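What follows is a set of notes on a single structure, which appears directly below.
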Amino acid sequence: MSRKTEFKNYREVVVGAIEDLAKEHEDIVFLDSDLSSCITSTSFQKQFPDRFINCGIAEANMAAVAAGMSAAGLTPFIHSFGCFASRRMYDQAFLSIGYAKRCVHIIGSDPGITAQYNGGTHMPFEDIALYREIPDFIVLEPSDGLSLYELTQQVYFKKQNSYIRTPRKGVSYRYEEGMKFEIGKGIELRDGSDVAIIATGQVMVDNALEAYDILKKEGINATVIDLHTIKPLDQELILKAARKTGHVVVCENGRYAGGVGEGIAALLARNYPVKMDFMSVGERFGEVGNLAYLKEAFGFTGSHLADMCRNLIK
């Protein structure tokens, strides 16, 4: 077993992946917004004290600093909670990083309901939509520790701006070492002909696999896709699933408007219209609670997803 699968939570995974890159590539720097203890970037600071900057509680300024460092030939990875890494610094991400064609990798931690006890003010449901709107941005939401590690490292070699959604606490490993991950290429976890469930992130991929097991017992066979890359979409895999099943349910831990579901709906509307439904946040703000409570409160459960699939097929 290598270091890749020994991390105890997602925050250690994402920082560990950057640390391992930084050992080989001296242009990598890490900027944090006074949240080092929350994401464990203090580990990076100890190893590379001259390549770490705490920008304080000033995310907009952090994005601008990162853009300037990129202009000077460095490759910044920057972190804040997803709500601040999107809403609070969006103008700088759009203009100083995107429009100016810099190369900065943004980590938005605790997306959607994974913010848990930080509550509604800290639950970014719209971060996917915001970063999908910036040209040439890669948007990722891996569903386990190994894919998070591998894809975080891959963005460095793409030399293209990226936004990475990840929880901080807990970690699961659904994939084994040696699994090949590729930005822009989803993973078909289950093969079925009745309905396709396309999910992104651990919460939703877990739901999709739970729904698969429920439906399988009833004779309903579902295709399950882990769509770890939100932008660019894996158009080939999505169209293949739509043609095979004629029914598609998209699951995202965020808002439909501008999100994964809307992007896939637009793709299928242009190329192969099918019956669709969407598991996402409606016209709601977040609220306080643990993950189990929030999943029930927002209907983010395998049983609810199974109901959605049954109703869609009917």
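The values are calculated or read from the model by the stated rules, or taken from the named source; none is laboratory data. None of these values were measured; they are calculated from a predicted model. Positions of Cβ are generated from backbone atoms using ideal geometry, with glycine treated the same way; all protein chains shown enter the neighbour counts. SASA here: full protein model, heavy atoms, side chains in, ligands and nucleic acids out. Shrake-Rupley method; radii C 1.70, N 1.55, O 1.52, S 1.80 Å.
In a loop (DSSP other than H, G, I, E, B) and over 26 Å from GLY170 (Cα atoms): which single residue out of ALA242, ALA269, ALA265, ALA257 fits that description? Only one candidate qualifies: ALA257.
Of all residue pairs spaced 6 or more apart or on separate chains, those with beta-carbon atoms under 6 Å, a first member in the range 257-278 that is touching a residue at least 60 places away in the same chain (Cβ under 8 Å) and a second member that is among the small types (Gly, Ala, Ser) are GLY258/ALA129; GLY259/ALA129.
Conditions tested, residue by residue: (1) free of Cβ contacts under 8 Å to residues at least 40 places away in the same chain; (2) open to solvent by 10 Å² or more (accessible area, probe 1.4 Å); (3) under 22 Å from the mean Cα position of the chain (by Cα); (4) closer than 14 Å to GLY108 by Cβ.
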residue: SER2; (1), (2), (3), (4): no, yes, no, no
residue: GLY16; (1), (2), (3), (4): no, no, yes, no
residue: PHE52; (1), (2), (3), (4): yes, yes, no, no
residue: MET69; (1), (2), (3), (4): no, yes, no, no
residue: ALA85; (1), (2), (3), (4): no, no, yes, yes
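Buried (at least 18 other Cβ atoms within 10 Å of the Cβ), assigned to a helix (DSSP H, G or I), within 14 Å of the chain's Cα centre (by Cα) and among the β-branched types (Val, Ile, Thr): which single residue out of ILE164, ILE128 fits that description? Unique residue meeting the criteria: ILE128. Filtered by the rule that a residue be open to solvent by 50 Å² or more (accessible area, probe 1.4 Å), outside any helix (DSSP H, G or I) and farther than 13 Å from ARG310 by Cβ, the range 211-239 gives a lone residue, PRO232. In the condition set (1) closer than 17 Å to LEU294 by Cβ; (2) touching a residue at least 60 places away in the same chain (Cβ under 8 Å), ASP110 is compliant with all but (2). Is it the case that the range 25-32 has a residue that's open to solvent by less than 10 Å² (accessible area, probe 1.4 Å), of a type in the set (A, V, I, L, M) and assigned to a helix (DSSP H, G or I)? No, the range 25-32 contains no residue that is open to solvent by less than 10 Å² (accessible area, probe 1.4 Å), of a type in the set (A, V, I, L, M) and assigned to a helix (DSSP H, G or I).
The set of residues from the range 258-314 being touching a Ser or Thr at 6+ places or on another chain (Cβ under 8 Å) and open to solvent by less than 40 Å² (accessible area, probe 1.4 Å) comprises GLY259, VAL260, GLY261, VAL274, GLY286.
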